[in-house]
Ligand SMILES: [Ca+2]
Ligand SMILES: [Ca+2]
């Protein structure tokens, strides 16, 4: 750190101002969802060719069939409403699929007492994005992969869920075999994996999960993370759940990275079962109505971390389709560190390149003061407690 690498300083300073100007970040819907008034109406949709499918109302009229099946690669399904079925909403057995701006609701199999799964989105996808989509009132899971735990022709992997609203609550009327007031559903997301498959990955971010548990199964949870997966759960908000994170160590153990999540009105925030490995929590914010943070059954195994709690913003009154994640920078006890540049070979180290700095900034570094030649330091920052992480070179960034 003897020499300032001034090019790094300039770029870094510019990036910082952009971050500082960011408005409140939301978990939940980010725009209009569902089919329009002029939508084509069908009772089922079978997609066997690549392409864009949009503005379709798939109303199953309570038939005992899956409403949408995506069986071709390279498909976009958007601005559709999928409702009123006694089986699944969307099955995806395909690669490179995007589901966005959809409204999937009231998929109710059998009765509340004789519970059978109807999922919002299920199947065995590879490279799936689900974005700006609301799923509610399903008798199984809002999203579940893979119900048959298979690897042929490929196992499920690489799923991104963002800006979604996955919820349940008491039914406002009778629907099919369900009665008014019953609360259908198991989980917002539930994982099943072929034990011989590589670890499947899913990222769930900026998503609002509400109302799971208290219903059709015991230990009902928003997230039922189990078997051989790595789940990255970040910038999500959980409201009114029995359990927010149910993390399970059996059948290969789930790995769970939970960053900057906010939880309200939840009996148990984490239920940690069977020495579940690599549960890494950072920046957890707990708001009103929290029972216990950890329900250890019996608790975490190796690789457990819990760093840097935040304070949750006040909970808005229902109804809402999105909630602020909270300003991850505001509530933290500040700590100053120096991020500095180098010349020559050290400038090539990953922690000293602009990308490394940019990563740190995105992780929540706040600007403190600019270039200080007298101290040979490039830029000073206020580093946010709990966010001291970087792709590499954490020592450099946290002094
Ligand atoms: Ca099905
Ligand atoms: Ca389930």
* Jot down the per residue volume, in cubic angstrom and as a whole number, of the convex hull over the alpha-carbon atoms of region 275-331. => 111
* Report the label-to-label distance for residue 265 and residue 316 in nanometres (one decimal), using points 7 Å from each Cα along the Cα→Cβ vector. => 1.4
* Structure fact -> With the label point 7 Å along the Cα-to-beta-carbon line of residue 49 and a cut-off under 12 Å to each amide N, the hits in region 59-90 are none
* Asked: Kirkwood hydrodynamic radius (Cα pairs, Å) of region 79-159?
  -> 12.8
* Asked: So how do 42-52, 244-254, 28-38 stack up, highest first, on mean other-Cβ count within 10 Å?
  -> 244-254, 28-38, 42-52
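Using Cα pairs closer than 8 Å and at least 6 residues apart in sequence, work out the relative contact order for region 187-327, in percent.
19
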* To do: Could you list 212, 255, 318 in order of exposure, starting from the residue whose Cβ has the fewest other Cβ atoms within 10 Å?
  => 318, 255, 212
* To do: May I ask you to order 97-106, 110-119 by the average number of other C-beta atoms within 10 Å around their residues, highest value first?
  => 97-106, 110-119
* Asked: In a solvent-free Debye calculation with one equal scatterer on each Cα, what is log10 I(q)/I(0) for region 26-324 at q = 0.08 Å⁻¹, listed in the order of the q values?
  -> -0.31
* Asked: Separation between the residue 232 and residue 257 pseudo-spin-labels, each 7 Å from Cα along Cα→Cβ, expressed in nm?
  -> 0.5
* **Listed peptides 127-136, 302-311 by packing density, highest first (mean Cβ within 10 Å)** => 127-136, 302-311
* Where labels lie 7 Å past Cα in the beta-carbon direction, separation of residue 307 and residue 32 in nm -> 4.4
* Contact order relative to length of region 26-324, as percent, for alpha carbon pairs under 8 angstrom and 6 or more apart -> 12
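Values in this text are rule-based calculations from the coordinates and carry no lab data. Computed from a predicted structure; not experimentally measured. With ideal geometry, Cβ positions are generated from the backbone for all residues, glycine too; neighbour counts draw on all protein chains shown.
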